[in-house]
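First comes the structure, then the notes that go with it.
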Amino acid sequence: MEFILISGRTMHQGETLHSKCSEDYMKACAICEMNPEDMRALGVKEGDIVKVISEAGEVEVYVKPCEGLDRGIVFIPMGPWANAVVPVGTDSTGMPSFKGIRVRIEKSGGKVLRGDELVMRYAYD
């Protein structure tokens, strides 16, 4: 299914920022929040793993319902998981665009990597 990805800071992500290899940081950031109706249409439930694919890359994360998101919009908190699918271009602003990214999401049987594992995967690509 096709979606528009937005990313940003969250309170939980900010609270765990200084312990990026911790389980708490992973629980705060290795997630994709979706409208519950979109989750049903995709055939996933809370805690399932989904693969998020953009022109920049792909990443596996846990899915989490969010009533506040409109259908067709998904949210991944800023961190290594969001960075895996955010295009590197900055349109001369010096900062990538963390909003309005076209992504495809599918149910995955894969594994959600820890932040350090994810960074190492890209370090050697």
query = Can you name the residue in segment 22-45 that is touching a Pro at 6+ places or on another chain (Cβ under 7 Å) and over 20 Å from Gly79 (Cα atoms) and is also surrounded by the fewest Cβ atoms within 10 Å (Cβ to Cβ) among such residues?
reply = Pro36
task = Please enumerate the residues belonging to segment 53-77 that are modelled with pLDDT of 95 or more and under 14 Å from Leu118 (Cα atoms).
result = Glu58, Val59, Glu60, Val61
message = Take the conditions at pLDDT 95 or above and among the β-branched types (Val, Ile, Thr) and apply them to Ile105. Does it pass?
response = yes
Members of segment 24-41 found to be assigned to a helix (DSSP H, G or I) and in contact (Cβ under 8 Å) with a residue 40 or more places away in the chain, listed by number = Tyr25, Met26, Ala28, Cys29, Ala41
remark   = Checked pairs for segment 72-91, first over 13 Å from Val52 (Cα atoms), second aromatic (Phe, Trp, Tyr) and at pLDDT 90 or above, C-beta under 7 Å and 6 or more apart or across chains, list as Gly72/Phe3
remark   = Only one of Pro87, Pro80 is at pLDDT below 95 and closer than 25 Å to Asp24 by Cα, namely Pro80
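The values are calculated or read from the model by the stated rules, or taken from the named source; none is laboratory data. On a predicted model such as this, the values are computed, not experimentally measured, just so you know. Counting neighbours? That spans all protein chains shown, and the Cβs are built from the backbone with ideal geometry, glycine included.
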